[in-house]
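What follows is a single structure, written as structure tokens, with notes after it.
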Amino acid sequence: MKVLKKGWRGAILSIALFAMLFIWNGIDVKAAENGSFTVTDAKSHVQNSHFALDDVNYLFLTDQNSLDAITITSNADIASIDRTDLSFDATVDARTISGDFSANQTVTLTMQDGNTEKITLMQSDLPCMYISLNGTTLSEINADKDVKHQGNSVTITDVDDTANDLDKTNVEMKGRGNSSWSCYDKKGYQIKFDKKTSVLGMEKAKKWVLLANSSDCSMMKNKIAFDAANQMGFAYTPDAEYVDLWVDGDYIGNYLVTEKVEIGSSRLNLTDANAVLMEYDNDFYKSEDYYFTDEITGTHFVMKESNTDNDTTGMTDFQNTLHELELEMYSNRGCYSWADISAKLDVESFAKWYVVNEYFLNKESTSTSFYLYKDGANGKICAGPVWDFDSAMGAGTSGASDLYMYQHWLLQLLFEKSEFQTLVQQVYSQYASVLNSADEEVLTLQSEIQNSANMNYLRWYRLGTTDAKGNTFPATYEEAVNDLQTWLSTRQSKFSTYKPDYTFTATVSSDYRTTELTYQSLGKSFNRLWFVVWSDDGGRNDEVWYEATPGADGVWRATVDMTTHGTTGMCTVHVWTGDASGPKASQMASSFYAKTASGQPNPVIPVQNTVSSQTVYRLYNPNSGEHFYTLDWNEATYLDQIGWNYEGVAWNAPTSGSPVYRMYNPNAGDHHYTLNYNEAMWLKSLGWNYEGIGWYSDDSQTTNVYRVYNPNATGAGAHHFTMDYNEAKWLKSLGWNYEGIGWYGL
């Protein structure tokens, strides 16, 4: 199935779809009329009109236009202008209209063909970035974020400070982002100058990131967090400034131009030849060139950069130090030496990282975008720089009194030490005034970007919708700003308990067959408590609920039979509390180590499965090129008998979760599968047959199933789905488009 492209026309889209303001993944379904009107500014840069769903042609103007003397060019002849309520004398001449316009004023034109067109001019107060592409289009850049496009031109203008003006050629441009890239049509980008260049007064460097902030309805969260961290004494925090962005005449929206997190004299200044910048990334590590899976915790670390290109010496040194650290902390759980730990970790940087991420409730940082670095063999592992707060500060169901970041396994171990608790308290006390002023910065930023935000949300129809990440945007930008300001204002008083309000321990027996779990809540009471335990590499197939027993000392205890979990490595624990009727709410998540210090497997018996799964079978049609997936073994057997090739098990699916819909094209003989209900219904409107739910996606996101698309396929087999990232990457090398994660298996 082909994605709708900008400028696409078709009789299939009905009036009903327009009435519903139908949006699929943020794609503008009425973009065919874009560019009906244009304006050329003082830099000879063209701005094309954007035809919005309110039937108005919006001209988003750079700061190089003067509204009191502007000429608009039409692609069709103009008959007349409606002069009702006009405050100026406009001149119409064939295909142009000139006059003294006002911002946000709507002008109605009657065209020679009798149709009417409405035009509204808009202009913000931000600096403007205008990118002229060389031999490519933005659609081609958006097709593959990893392709670098050379020879482009970048102009920055700032009427409030002309010292920031910039004109550069030979600029490289590419896409960037992970989930934001696959989930949103407004995408992030990276530009690279041919020599170090200052942008909007920031320190000189070659690489710059254009953050789209697509999942942040306020478009302020990254800026607020970066500004706070800048005052907290990290070795480096990226600087950032707002711009309005145009690419080849099309207004792309409000962007945050941000310093790239990288090693460099003006960025993270690491001097050792084997210095390395790493990322804790359990979500997207497979797409990176260099990574390792931590042998104790089973988590994944990516090498983002080293001082010696393509040399993994620094990564190996980082891995060895981390392994030594973990062996010390786990083998002497709760009794390890603070001096030994602080000799390997820059504990102050971890305390600062915890405080800023916990304060702003940056939940994603426990699984990805958690940067760490080590400046050579003699350096300590340091936390930072901070990054990626667009899904923080109240996103989703996050309350202003929530704590979350302490659940990261390393922070849990650190919090067991009174020295770290004291250090966190000192950091918070020192920088509380910085963090507590964040709500005031919201109002300052609103004044700065309000006009740009108005333009952005006319360009991207996001307000009042729910996106692919499950974020629901308010109906107005003002409401979005108020929600953020209220959350941050409430956070000030709720964050007084800036560390876990409980104690949790996991003590593994000497024969590794049992683990004693304890939990004590500080200030909360409840009638019953359960420890929910599963092994991290068991896919929750070994999940067991252990009901705990309360002691007179207020501590709840339970004994875990480790042989039931049949694995080495990390086990995850959820603690559920409830009453006589059963569990009500999960209080926390933790992890504990269940492997010998030597790394040898535990003596275990076979896993007792308590969570059922289903097998998804994969077949291939050598005649049509289609891959087919099914839960039905009889269906798979039948297809194998009539000439399809049976290729084995594709993945295991849970028996419940988010539905994956199965569609069939009776004309092409092709099947398609999607987690997106809107996509399924859109295909149905095009004549595809809806065949119900094919299987379910694992809501715990245990195993990625990747989706790739063959743009050259003319019939069946255009899409392919695989849990093998190397297969997806190989297809991408053959010209297929990588479309991200389709859904999740067990």
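The values are calculated or read from the model by the stated rules, or taken from the named source; none is laboratory data. In this text, all values refer to a predicted model and were calculated from it rather than measured experimentally. All Cβ positions, even for glycine, are placed from backbone atoms using ideal geometry, and neighbour counts span all protein chains on display.
A few notes on this one:
- The listed residues are T96, T71, and the only one of them that is under 15 Å from S49 (Cα atoms) and under 42 Å from the mean Cα position of the chain (by Cα) turns out to be T71.
- Restricting N274, N282 to those that are over 30 Å from H50 (Cα atoms) and within 18 Å of the chain's Cα centre (by Cα) reduces the list to N282.
- Hits in region 539-562 (condition: among the hydrophobic types (A, V, I, L, M, F, W, C) and at pLDDT below 85): M562
- Single match in S218, S180 (criterion: of a type in the set (S, T, N, Q) and farther than 21 Å from G740 by Cβ): S218
- S452 being crowded, with 20+ Cβ neighbours inside 10 Å and either in contact with an Asp or Glu (Cβ under 8 Å, 6 or more places away or on another chain) or modelled with pLDDT of 85 or more (or both): yes
- Filter result for G188 (at pLDDT 95 or above and not hydroxyl-bearing (S, T, Y)): yes
- Count of region 728-742 residues, restricted to those that are of a type in the set (A, V, I, L, M) and under 17 Å from Y673 (Cα atoms), is 2.
- V261 being surrounded by 22 or more Cβ atoms within 10 Å (Cβ to Cβ) and in contact (Cβ under 8 Å) with a residue 40 or more places away in the chain: yes
- Here Y336 passes the criteria (1) of a type in the set (F, W, Y); (2) touching an Asp or Glu at 6+ places or on another chain (Cβ under 6 Å); (3) buried (at least 20 other Cβ atoms within 10 Å of the Cβ); (4) under 25 Å from T503 (Cα atoms) except the one numbered (3).
- Checked against (1) more than 20 Å from M220 (Cβ to Cβ); (2) in contact with a helix residue (DSSP H, G or I) (Cβ under 7 Å, 6 or more places away or on another chain), K304 passes all but condition (2).
- Only listed residue being touching a strand residue (DSSP E or B) at 6+ places or on another chain (Cβ under 9 Å) and either of a type in the set (K, R) or within 18 Å of T297 (Cβ to Cβ) (or both), chosen from K417, K374: K374
- E364 vs. criteria of a type in the set (D, E, K, R) and either in contact (Cβ under 8 Å) with a residue 40 or more places away in the chain or under 25 Å from E262 (Cα atoms) (or both): yes
- Residue within region 460-482 that is of a type in the set (S, T, N, Q), farther than 24 Å from T120 by Cα and at pLDDT 95 or above present: yes
- Single residue of region 637-656 satisfying the filter (aliphatic (A, V, I, L, M) and more than 28 Å from N712 (Cβ to Cβ)) that is modelled with the highest pLDDT: A653
- Summed over region 359-386, the residues that are part of a helix (DSSP H, G or I) and surrounded by 23 or more Cβ atoms within 10 Å (Cβ to Cβ) give a count of 2.
- Residue match in region 65-87 (condition: closer than 21 Å to Y457 by Cα, touching a strand residue (DSSP E or B) at 6+ places or on another chain (Cβ under 7 Å) and not small (G, A, S)): no
- When C183 is tested against (1) touching a Ser or Thr at 6+ places or on another chain (Cβ under 8 Å); (2) surrounded by 15 or more Cβ atoms within 10 Å (Cβ to Cβ); (3) within 18 Å of P238 (Cβ to Cβ), only condition (3) is not met.
- Test: residue in region 188-203 that is of a type in the set (D, E, K, R) and assigned to a loop (DSSP other than H, G, I, E, B): yes
- Residues considered: K352, K363. Of these, the only one that is assigned by TED's automatic domain parsing to the domain that holds D227 and under 21 Å from the mean Cα position of the chain (by Cα) is K363.
- In region 435-465, the residues that are more than 30 Å from G35 (Cβ to Cβ) and either without any contact (Cβ under 8 Å) to a residue 40 or more places away in the chain or of a type outside the set (D, E, K, R) (or both): L435, N436, S437, A438, E440, V442, L443, T444, L445, Q446, S447
- Qualifying residues in region 669-681 (those that are in contact with a strand residue (DSSP E or B) (Cβ under 6 Å, 6 or more places away or on another chain) and of a type outside the set (S, T, N, Q)) - the one nearest to T299 (Cα to Cα): L675
- Failed criterion for S182 (all others in (1) under 24 Å from K363 (Cβ atoms); (2) part of a loop (DSSP other than H, G, I, E, B) hold): (2)
- Test set (1) part of a helix (DSSP H, G or I); (2) closer than 16 Å to E358 by Cβ - S496 fails condition number: (1)
- For region 521-536, a tally of residues being surrounded by 13 or more Cβ atoms within 10 Å (Cβ to Cβ), out of contact with any Pro (no Cβ under 9 Å at 6 or more places or on another chain) and either of a type in the set (A, V, I, L, M) or modelled with pLDDT under 80 (or both) returns 3.
- Conditions (1) within 23 Å of D281 (Cβ to Cβ); (2) touching a Ser or Thr at 6+ places or on another chain (Cβ under 9 Å); number of the one not met by G394: (1)
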